[in-house]
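The values are calculated or read from the model by the stated rules, or taken from the named source; none is laboratory data. The structure presented is a predicted model; accordingly, all values stated were derived computationally and were not measured. Using ideal geometry, Cβ is built from the backbone for each residue, glycine included, and neighbour counts are taken over all protein chains shown.
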Amino acid sequence: MAGGWAKDGAVSEQIEASISDELARLKQRKAPQGESLTFCAECDEEIPTARRLAIPGVKLCIDCMSERDTSQKMRAGINRRGSKDSQLK
């Protein structure tokens with residue numbers, strides 16, 4: 001059931017489009033390639049051999065990678081519905 005002037009199934013289509021967009025964005029991410037570094041590119045600590053073998057092309061140690069992962073900001077989503085709240089801003 002759609003509300004207002006929206007056709008039936010419009011909400012489901014919006015959700016599916018959002019999911020498709022996010023999946024396409026994730027597929028574009030590239031895994032590290034090439035030869036792994038022996039020492040971390042940020043802190044110059046030695047990268048353990050097991051990590052270098054497990055992840056080909058690794059450039060950061062576990063601590064620096066963890067810090068980078070937690071410091072990244074969440075990206076804003078796209079408001080496909082055009083809600084009244086978004087129009088007021």
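If only residues of the range 33-77 that are surrounded by fewer than 10 Cβ atoms within 10 Å (Cβ to Cβ) and of a type in the set (Val, Ile, Thr) are counted, the one that is modelled with the lowest pLDDT is THR70.
Find the residue count for the range 12-30, including only residues that are charged (D, E, K, R), under 30 Å from PRO56 (Cβ atoms) and without any contact (Cβ under 8 Å) to a residue 12 or more places away in the chain.
Total satisfying the criteria: 5.
Can you name the condition, by its number, that LYS30 falls short on among (1) of a type in the set (Lys, Arg); (2) surrounded by fewer than 12 Cβ atoms within 10 Å (Cβ to Cβ); (3) at pLDDT 90 or above? Condition (3) is where LYS30 drops out.
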